[in-house]
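A.B. asks: Here it is, the structure, as structure tokens.
The values are calculated or read from the model by the stated rules, or taken from the named source; none is laboratory data. All values reported here derive from a predicted model rather than from experimental measurement. So basically every Cβ, Gly included, is an ideal-geometry build from the backbone, and we count neighbours across all protein chains shown. Remember, those area values only see protein heavy atoms, side chains included, never the ligands or the DNA or RNA. Shrake-Rupley method; radii C 1.70, N 1.55, O 1.52, S 1.80 Å.
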Amino acid sequence: CIPIPRFYAPQSTSDPALATEALLPRDSKPGLVFSAGWPTMIETQTTATEATLKQRKEPEDVPAATDAAAKDTKKDSKPSIYTLGYILCAPVTFTNATIHIFSGKRFRIHRLWGIVYLALWIYAAWGHFAGHFADGGNTSVFWVMPTVGFIQTVIACKTFTFLPKANDQTQGYYHETKAMSYDFILENLYFAGLLLFQSVYLCWGVELRANLIFLPFEVLGTFFPYHTVRDLVPKSSFRHSTKDGNRYAVVVKVFYCIAKHNGYYINYLCFLGKFGTNPMVDYSLLRNLLILGGWGTTIAMFLQTLKFRRYISHTAAMILYVGCFPFFYATYLSLFFVCQDHAALTALAAVGLWVNFQSRSLQITWQCFMCAICLGSRFEVLPPAVAALL
């Protein structure tokens, strides 16, 4: 390390050369090298003064000298050592960042409730991949976890009211530097509720179908969630985020359309009782979907917090979010074996995907048709030959 020299200045002087000379170090000696911004290899006091004056007249030379010094520093550095140190310190850095995120006094309720959700999600993922639930373990976590996630979203809506409005611009979720809009958080309340309905329906479907009191609840959540409850929260159009060629938003839009109608299809099957009496134990794909759904709704918002607080980059947040899409698609492909036994219902769900890009009135008409078909099959009103195809 090069020590920073001491400087002195006389009380007053009228000679510019003397004033400049007064700013030179006391220990200016031949052969002494100073830090950036000072002439190197000063031979005499006069030479240093002239060089300083020349440097002040030609300030454009300073950046060039600085760039050259930076290049020399890069040549002499050893990035492998710094990389190794970064890797070794990563666990400590991650632990410190986690403690800092969840131990702050501001938004404490939101932070602490987030810890509860993360613990439940980790437990659900661990139990699923360890085979705990397939062996008949308690699957209550699959409806408790979305319930906690929904409450977390409500807390976020009550906490982050200071966030900006969407204003028909690119959503901050898909932007490199912008923060999420408050409308986007309110919108996520709908998707968290949709996941909560599906999880409760899959876990308690037998009990719900056995009591006609819950039939309106089933019909609303299975056939008309996008045309009733959806209108109660702001709706961020993908059009505003994709108009500038945002590929990230385009990928999310494609996934959204596919996931929407796969969700419809699973709800249709559950409405008709096609998953049996204990679907959360018998079908691993349903556990996969609920775990991935938790990542895509609640944890996805947490990733945006990490991005905004600069714990992770925009690219890292993007990869962590869209990285779950291939797992979703793999789970949807595993539905193929279920689709083979319900060819007509599968074809109707595929038509619904096409109808999704048509007018709203046609979408509502189609969902009314699907509701009538499924109600007729469930209450044995349809001809046996038609009901057998569903």
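A.B. asks: What is the gain in length, in nm to one decimal, between residue 362 and residue 212 on full extension, counting 0.36 nm per residue of separation less the C-alpha to C-alpha distance?
C.D. replies: 51.1 nm
A.B. asks: How much length would be gained if the chain were fully extended between residue 329 and residue 161, taking 0.36 nm per residue of separation minus their Cα-Cα distance, in nm to one decimal?
C.D. replies: Result: 57.0 nm gained on full extension.
A.B. asks: If DNA, RNA and ligands are ignored and the probe is 1.4 Å, what is the ranking of 207, 187 by accessible area, most exposed first?
C.D. replies: 207, 187
A.B. asks: Here's another thing I want to ask about it. Can you give me the solvent accessible area of residue 165 with a 1.4 Å probe, rounded to the nearest 10 Å²?
C.D. replies: We get 120 Å² for residue 165.
A.B. asks: Taking the simple approach of a point 7 Å from Cα along Cα-to-Cβ for both residue 89 and residue 277, what is their distance in nm?
C.D. replies: The answer from the label model is 6.0 nm.
A.B. asks: Obtain the nm distance between the two label points defined at residue 369 and residue 340 by a simple spin-label model: each point lies 7 Å from its Cα along the Cα-to-C-beta direction.
C.D. replies: Distance between the two pseudo-spin positions: 2.9 nm.
A.B. asks: Could you give the length gained by full extension between residue 386 and residue 306, i.e. 0.36 nm per residue of separation minus their alpha carbon distance, to one decimal place?
C.D. replies: 23.6 nm
A.B. asks: Ordered by packing density, taken as the mean number of other Cβ atoms within 10 Å over each peptide's residues, highest first, how do 151-159, 377-385 rank?
C.D. replies: Per-residue Cβ counts within 10 Å, averaged per peptide and sorted highest first, yield 151-159, 377-385.
A.B. asks: From the protein chains alone at 1.4 Å, what is the descending order of accessible area for 287, 106, 309, largest first?
C.D. replies: So, going from the largest accessible area down, we get 106, 309, 287.
A.B. asks: What FRET efficiency would be calculated for the residue pair residue 129, residue 319, taking the C-beta separation as r and a Förster radius of 22 Å, to the nearest 0.05?
C.D. replies: In this case the efficiency is close to 0.55.
A.B. asks: Of all the Cα-Cα pairs you can form in region 298-373, what percent are over 17 Å apart?
C.D. replies: Value for region 298-373 (Cα pairs over 17 Å): 65 percent.
A.B. asks: State whether region 260-310 is rounded, prolate or oblate according to the following rule on the C-alpha gyration tensor (a ≥ b ≥ c being the square roots of its eigenvalues): a/c under 1.5 gives rounded; otherwise a/b larger than b/c gives prolate, and the remaining case gives oblate.
C.D. replies: prolate
A.B. asks: P(r) tail for region 239-390, what percent of Cα pairs lie past 22 Å?
C.D. replies: Percent of Cα pairs beyond 22 Å in region 239-390: 52.
A.B. asks: Filter 105/260; 105/253; 165/307; 105/235; 235/274 down to the pairs with a C-alpha to C-alpha distance above 28 Å, please.
C.D. replies: Where the Cα-Cα span goes over 28 Å, the pairs concerned are 105/260; 105/253; 105/235; 235/274.
A.B. asks: Then there's this: Just grab the label-to-label distance for residue 235 and residue 122, each label 7 Å out from Cα along the Cβ direction, in nm (one decimal).
C.D. replies: For the pair residue 235/residue 122, the computed spacing is 3.9 nm.
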